[in-house]
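J.: One structure, as structure tokens, below. Some questions next.
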Amino acid sequence: MPLGSLGLVVGALSVLFGVYPTLGVLAIVGFLVPITVIMHDFWTMDGQDRQNEQIHFLKNAGLIGASLLFLSVSVGTWPLAVGVGL
């Protein structure tokens, strides 16, 4: 998973600095969607483990939603952006 984590870090830095923010958001979503489904499969568990994994699943779903919000505003310019984008 090191390459996936690298994609997450690069995507986050891309959004932060405004260098190709659209691609950065897509990298973040591309990391979060499979990780959320694979690692937080609460539907296969019981008891406290199920509740803990459901909490993490819903947390990641919220992060995916926030990332998509950034995607919707990535067409504009960031106030402190480097100014490189699509």
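J.: Output the residues belonging to region 10-55 that are polar (S, T, N, Q) and not in a helix (DSSP H, G or I).
T.: none
J.: List the number of the failed condition for Ser67; all other conditions in (1) at negative phi; (2) more than 14 Å from the chain's Cα centre (by Cα); (3) not aliphatic (A, V, I, L, M) hold.
T.: For Ser67, the exception is condition (2).
Condition check ((1) within 23 Å of Gly76 (Cα to Cα); (2) out of contact with any helix residue (DSSP H, G or I) (no Cβ under 6 Å at 6 or more places or on another chain); (3) surrounded by 15 or more Cβ atoms within 10 Å (Cβ to Cβ)) across all residues:
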position: Leu3; (1), (2), (3): no, yes, no
position: Leu8; (1), (2), (3): yes, no, yes
position: Val33; (1), (2), (3): no, yes, no
position: Trp43; (1), (2), (3): no, yes, no
position: Arg50; (1), (2), (3): no, no, no
position: Leu58; (1), (2), (3): no, yes, no
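J.: Here is a follow-up. Six or more apart or on different chains, Cβ under 8 Å: which pairs go from a residue in region 57-71 that's in contact (Cβ under 8 Å) with a residue 12 or more places away in the chain to one that's among the polar types (S, T, N, Q) and surrounded by 15 or more Cβ atoms within 10 Å (Cβ to Cβ)? Could you list them?
T.: Listed pairs, sorted by first residue: Phe57/Thr36; Asn60/Thr36; Ala61/Thr36; Ile64/Thr36; Leu71/Thr22.
Laboratory data are not the source of any read-out in this text; all were calculated from the coordinates shown. Treat the numbers as computed from the prediction; the structure is a model and nothing was measured. Note: ideal-geometry Cβ built from the backbone for every residue, glycine included; neighbour counts use all protein chains shown.
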